[in-house]
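> Structure in structure tokens, see below.
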Amino acid sequence: MNLSDPFRKAAEAVERARAVVITAGAGMGVDSGLPDFRGDHGFWKAYPIYQRLGINFVAAANPVHFQRDPSFGWGFYGHRTNLYRETVPHGGFGLLLEWIDRFGFEYFVVTSNVDGQFQKAGFPEDRILEVHGSIHHLQCITPCCSAIWGNAEEVPVDSETMRAIHIPRCIHCGDVARPNILMFGDYSWLSDRTRQQEHLFDEFLADSRALPMAVIEMGAGTAIPTIRSLGEQIGDSYGATVVRINPREPTITSPHISLPCGAVQGLEGIEASFSAGS
């Protein structure tokens, strides 16, 4: 597939912008080697034991496990915590930071990912909105209070049973702690940290309203369309051009731009298409 023309159009949209919203869904991490949970088979490929147990991603990512069987709940989230800590962000993160510096963009990151890869790559905390929370922060399962604290826990997991050997505890009441992540069927998630991030993002949008804007969207699918919908809303409300980078679900209406490829290929293709001297 010849992507030279879409890459060129995307590069022109980025070059015209003075403010950029960088948005990312689960596909952003695939180029870093993180598992693709798309569909039950993708999840079971990453976690074969759950297929044997007849549990899909929705069932595994449920806060009820921390109440009924904390070792099982922390087996899944402890494994993911360890995986994300070990993962090195791919080169696309670095390219985005280079563009921010080169073009002097005002910018903000919005992601549905809970892996903390943007922070790990060097993006500052006050420029990131994690709409589903972060695995690197904890809260009480009850919750006994509104406290959210950093996850410094070491949680070894038995890979044969996917059960945690250590159960993190609330630093205030001693009950089971859980990740500060919005899970499926979740009524105990504390949203204060994410609400503070949303406030900063709203301020960014208000301050950038008069600036030419682009949205660079990567790996955001339709199963949970939060990120895709946000980009399209910004396109409508702020006259922003949306560059959608997605190998499976790249469709977006004109004048927005579709790049049917992965995050690294898309960002490298844009980089190679910038005007000479930019």
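The values are calculated or read from the model by the stated rules, or taken from the named source; none is laboratory data. It should be emphasised that the depicted structure is a prediction, and the values quoted were computed from it without experimental measurement. All Cβ positions, even for glycine, are placed from backbone atoms using ideal geometry, and neighbour counts span all protein chains on display.
> Just give me the residues in segment 190-211 being in a helix (DSSP H, G or I) and either hydrophobic (A, V, I, L, M, F, W, C) or under 19 Å from residue 17 (Cβ atoms) (or both), in sequence order. Let's see the steps before the verdict.
Going residue by residue through segment 190-211, those that are in a helix (DSSP H, G or I) are 192-208.
Matches in segment 190-211: 200, 201, 203, 204, 205, 206, 207, 208.
This table checks each residue for (1) without any contact (Cβ under 8 Å) to a residue 40 or more places away in the chain; (2) touching an Asp or Glu at 6+ places or on another chain (Cβ under 9 Å); (3) surrounded by fewer than 16 Cβ atoms within 10 Å (Cβ to Cβ).
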| position | (1), (2), (3) |
| --- | --- |
| 15 | no, no, no |
| 20 | no, yes, no |
| 23 | no, yes, no |
| 29 | no, yes, no |
| 33 | no, no, yes |
| 36 | yes, no, no |
| 47 | no, no, no |
| 65 | yes, no, no |
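> Let me ask something additional. Given the criterion surrounded by 15 or more Cβ atoms within 10 Å (Cβ to Cβ) and either over 21 Å from residue 197 (Cα atoms) or not aliphatic (A, V, I, L, M) (or both), identify the matching residue among 165, 141, 128, 148.
Working: 165 fails: surrounded by 15 or more Cβ atoms within 10 Å (Cβ to Cβ); 128 fails: either over 21 Å from residue 197 (Cα atoms) or not aliphatic (A, V, I, L, M) (or both); 148 fails: either over 21 Å from residue 197 (Cα atoms) or not aliphatic (A, V, I, L, M) (or both).
On inspection, the qualifying residue turns out to be 141.
> Ok, one more. Mind listing just one residue for me: the one in segment 162-193 that is β-branched (Val, Ile, Thr) and within 21 Å of residue 86 (Cα to Cα) and, of those, farthest from the chain's Cα centre (by Cα)?
Within segment 162-193, the first condition is being β-branched (Val, Ile, Thr), and the residues that meet it are 165, 167, 171, 176, 181.
Okay, now just the ones that are also within 21 Å of residue 86 (Cα to Cα), so 165, 167, 181.
Values: 165: 27, 167: 25, 181: 12 Å.
Among them, the one singled out is 165.
> For segment 32-52, check the following and say yes or no: at least one residue is over 20 Å from residue 248 (Cα atoms) and in contact with a strand residue (DSSP E or B) (Cβ under 7 Å, 6 or more places away or on another chain).
Taking segment 32-52 first, the residues over 20 Å from residue 248 (Cα atoms) are 47-52.
Restricting the remaining residues to those that are in contact with a strand residue (DSSP E or B) (Cβ under 7 Å, 6 or more places away or on another chain) gives none.
Among the residues of segment 32-52, not one is over 20 Å from residue 248 (Cα atoms) and in contact with a strand residue (DSSP E or B) (Cβ under 7 Å, 6 or more places away or on another chain), which makes the answer no.
For every residue, the table says whether it meets (1) crowded, with 22+ Cβ neighbours inside 10 Å; (2) under 23 Å from residue 267 (Cα atoms); (3) of a type in the set (A, V, I, L, M, F, W, C).
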| site | (1), (2), (3) |
| --- | --- |
| 207 | no, no, no |
| 211 | no, yes, yes |
| 219 | yes, yes, no |
| 222 | no, yes, no |
| 229 | no, yes, no |
| 246 | yes, yes, no |
| 249 | no, yes, no |
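> Looking at 59, 121, can you tell me which residue is modelled with pLDDT of 95 or more and on the phi < 0 side of the Ramachandran plot?
Unique residue meeting the criteria: 121.
> Considering segment 109-148 alone, what residues qualify as being among the acidic types (Asp, Glu) and either more than 22 Å from residue 184 (Cα to Cα) or free of Cβ contacts under 8 Å to residues at least 24 places away in the same chain (or both)?
Going through segment 109-148, the residues among the acidic types (Asp, Glu) turn out to be 115, 125-126, 130.
125, 126, listed by residue number.
> Now, a different point. When you check residue 155 against the structure, is it surrounded by fewer than 19 Cβ atoms within 10 Å (Cβ to Cβ), outside any strand (DSSP E or B) and touching a strand residue (DSSP E or B) at 6+ places or on another chain (Cβ under 6 Å), yes or no? Step through it out loud before you land on a result.
Working: surrounded by fewer than 19 Cβ atoms within 10 Å (Cβ to Cβ): yes; outside any strand (DSSP E or B): yes; touching a strand residue (DSSP E or B) at 6+ places or on another chain (Cβ under 6 Å): yes.
The answer is yes for residue 155.
> Which one is farthest from the chain's Cα centre (by Cα), of the residues in segment 100-125 that are among the charged types (D, E, K, R) and surrounded by fewer than 22 Cβ atoms within 10 Å (Cβ to Cβ)?
From segment 100-125, those among the charged types (D, E, K, R) are 101-102, 106, 115, 120, 125; that's our starting set.
Then drop every residue that is not surrounded by fewer than 22 Cβ atoms within 10 Å (Cβ to Cβ), which leaves 101-102, 106, 120, 125.
On the way: 101: 22, 102: 24, 106: 20, 120: 12, 125: 14 Å.
Out of the qualifying residues, it is 102.
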